[in-house]
Amino acid sequence: MRYLSDVAALARKDLLLELRAKETIPAMLLFVLSALTIFHFAIPRGSSDVAALGLLWVAIVFTSLLGLTRAFVPEREQGLMDALIMAPCDRSTIWLAKTLSVIAFLGVAEVVALPAFTLFFSGLNLKTVAAVVLADIGIASVGTLTGAMAVAGNARELIQPLLFLPLSIPVIVGGIGASATAGPKFLLFLALYDAVFVLLSWAAFDFVAAEA
Amino acid sequence: MVSARNLSKRYDTRRIFDKVDIDLDEGGFLLVTGPNGAGKTTLLRVLAGLAAPTSGELVLPVRGEIGYLGHEPLVYKQLTPRENLTLFGRLYRVPDREQRIKALLERFALWDVRDKAVATFSRGMQQRLGLGRVLLHEPKLLILDEPFNALDTAGAALLDEELATRSRRAVVVATHDPGRVEGLATERLAFT
Amino acid sequence: MSEKLAIRLPALVGLATALIALAIVAVFFWAPSDADQGLSQRIFYFHVPIALTGYACFGWGAWKALRLLWKDDPDADLESYVAIHQGVIFGSLTLITGSIWAKISWGVWWVWSDDQLVLFLVLFLFYCAYFMLRYSVDPGPQRANLSAVYALFGVVLIPVSFLAIRLSHSFIHPVVFTRNGAQMTGTMFATFCICLAAMLVLFITLYQLELAGKRLDSRIRELKELLS
Ligand SMILES: Nc1ncnc2c1ncn2[C@@H]1O[C@H](COP(=O)(O)OP(=O)(O)OP(=O)(O)O)[C@@H](O)[C@H]1O
Ligand SMILES: [Mg+2]
């Protein structure tokens, strides 16, 4: 119960920060729409719908990267991670709250991006939407953890994509597989990815946040 | 409350401090002095549980009973004083949160700007808010790194008053103006 | 400790050299030629053991990482780093030998249908990021923690990626390449085992050598610091 109220307090703070700054969500929206527009020119006539679906997944991963790179900027700029980790709450609440806010931002971007995709390219089946939801969970969990690692170093945001992209390859495979093939195999794979990496990130955050 | 034996901290191979012993009980006041780059901040961060000592034994109060004010006021600049204190009040489970926040903001003369973003504050106002943040949960161990920084006469007087009341807590202060708190100190640690 | 090491290291180097010599002899003079690929197929005896040793390096690095986080073992950080460093070297060799083997088997330098090769590409990218992370943080307990966490993510990523690559065949690769699936004969299997042993001992030797070098280096820097 305490755990959840701590998460709520921290997540409220993250949403409030975004509400004040109004930076991340508009940037993600504009980015994903620009990406889809570019993809129109990147797919030659005669390409299959699957190629367009593939690019949709690329757009989702890179848009999420935009949000993830910003995730710990407020904490980093003012050394606030110190203040947060000294609080008597479980440190994983910081990770969970951040992950939830990233999922929320990503969700907003996708609410615009998915209809735009059907408008520009081809229709989407329900399975793709389910895969997007599952992928968001995995992307946000892993990306929030690597984001916290990235801001701890001197290279800052620069290495966030390097840390995150190799870990996102299974998500891309699961997503495109779910969009392009029949059967629940790939949705199960995404669920497995989420289960494994949510647990791992949740357990590992304590070590990432603090040295003592 | 704090007990350190043979405490050492190194960055890579560089020794910042070596074999420091500290014993601090309730009512104790440790004054840390030394020139720039001597290792005061590093020691205070170790005592706050933010940095791990390289070697030595260290016993500290549990997390949540420590209040640490560093060189930065450690508040969210995009949020208002009230939102900042509400967040930390929740995380520290402060009883009667609203009243306590109001009392602190009034005491540090920030009540009138309670709903303005901290980013618009002067350095001294931010320092006052930082003090409010560490005092909010009535820590048993209060660690202040150059707390008089940027404070005006009135703000410094408020802090003097706060430091003079030492029942139920121990205080560690690092400062370049030791004369100011000289009378309060029960322990001294001078870095060279 | 250093005394024991002084005896062990030369012995290890000797053993590694002998095993590698034996492996080369076995591969080129003892193992039978492959029916349709001839002499050049023998790169298999290097490629597969190198890849397996690569996994062993990453696994050992992750084990040490776990020791660091779990048991606060102070030596584990350097050990984990050195194991992963060796892993990246063996991983690069896997990519090179795999590429050569692909050229021999199918006439192209790179194939996406060889699961192990693709996996090593992913791992190569992942562990290069590990080095970027490590070099972006100042030495100390925090760097040790971050490196260890990322190393643990690596060993979890290995099976997950492997599964992903397997599954991806259902929507990419219309053309399926297959390698000659002939059963290994007894001699072939023995040769393979010698090669695997040689590579594992080579890893252990390089691991101990690099570890000894790094420890000596930090000892010297410590002494310098004391003197100054
Ligand atoms: N992350 C770090 N890595 C390496 N060296 C560091 C690091 N942080 C601090 N140092 C070094 O440790 C020494 C002590 O720094 P510290 O900040 O504790 O000094 P200080 O006494 O607080 O100085 P000041 O009076 O200027 O606040 C400095 O020489 C600094 O260069
Ligand atoms: Mg200082």
So is B:R133 closer than 25 Å to B:L60 by Cα and either within 16 Å of ligand 1 (Cβ to nearest atom) or more than 14 Å from chain A (Cβ to nearest Cβ) (or both) or not? no
In the stretch B:144-151, is there at least one residue being over 22 Å from B:V62 (Cβ atoms) and in contact with a Phe, Trp or Tyr (Cβ under 6 Å, 6 or more places away or on another chain)? no
Note: among B:R15, B:R5, B:R10, just one is in a strand (DSSP E or B), modelled with pLDDT under 90, farther than 21 Å from B:R166 by Cα and away from chain A (no Cβ under 14 Å), namely B:R15
I'm checking my understanding of the structure. Among residues of the stretch C:37-93 that are at pLDDT 95 or above and of a type in the set (S, T, N, Q), which one is farthest from C:F124 (Cα to Cα)? C:S80
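Can you list the strands (runs of 3 or more DSSP E) lying wholly within the stretch B:22-118 that have 3 or more residues being within 15 Å of ligand 2 (Cβ to nearest atom), surrounded by 17 or more Cβ atoms within 10 Å (Cβ to Cβ) and among the aromatic types (F, W, Y)?
Qualifying strands (runs of 3 or more DSSP E): none found.
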Cβ contacts < 6 Å: first residue part of a helix (DSSP H, G or I), restricted to the stretch C:147-160; second residue charged (D, E, K, R), any location; separation 6+ or different chain. Result? C:S147/C:R134
Count of the stretch A:148-164 residues which are without any contact (Cβ under 8 Å) to a residue 24 or more places away in the chain, assigned to a helix (DSSP H, G or I) and surrounded by fewer than 24 Cβ atoms within 10 Å (Cβ to Cβ): 3
Out of B:L69, B:L31, B:L58, B:L43, I need the residue that is within 14 Å of ligand 1 (Cβ to nearest atom) and either within 11 Å of another protein chain (Cβ to nearest Cβ) or free of Cβ contacts under 8 Å to residues at least 60 places away in the same chain (or both). Which one? B:L69
Return a yes/no flag: does the stretch B:155-176 have any residue that is under 12 Å from the mean Cα position of the chain (by Cα) and of a type in the set (S, T, Y). yes
Selection status of B:A38, within 16 Å of ligand 1 (Cβ to nearest atom), more than 13 Å from every other protein chain (Cβ to nearest Cβ) and not aromatic (F, W, Y): yes
Identity of the residue in the stretch C:103-128, free of Cβ contacts under 8 Å to residues at least 24 places away in the same chain and surrounded by fewer than 21 Cβ atoms within 10 Å (Cβ to Cβ), that ends up nearest to ligand 2 (Cβ to nearest atom): C:L125
With the condition being in contact with a Ser or Thr (Cβ under 7 Å, 6 or more places away or on another chain), I'd like the helices (runs of 4 or more DSSP H) fully within the stretch A:43-147 carrying at least 2 qualifying residues. A:49-71, A:92-120
Show the residue pairs that are 6+ apart or on different chains and have beta-carbon atoms under 6 Å apart, the first residue being within the stretch A:53-69 and without any contact (Cβ under 8 Å) to a residue 24 or more places away in the chain, the second being in a helix (DSSP H, G or I). A:L55/A:F39
Matching residues in the stretch A:1-26 - criterion: being closer than 16 Å to B:A117 by Cβ and of a type in the set (G, A, S): A:A21
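The values are calculated or read from the model by the stated rules, or taken from the named source; none is laboratory data. All values reported here derive from a predicted model rather than from experimental measurement. Neighbour counts run over all protein chains shown; Cβ positions are idealised from the backbone, glycine included.
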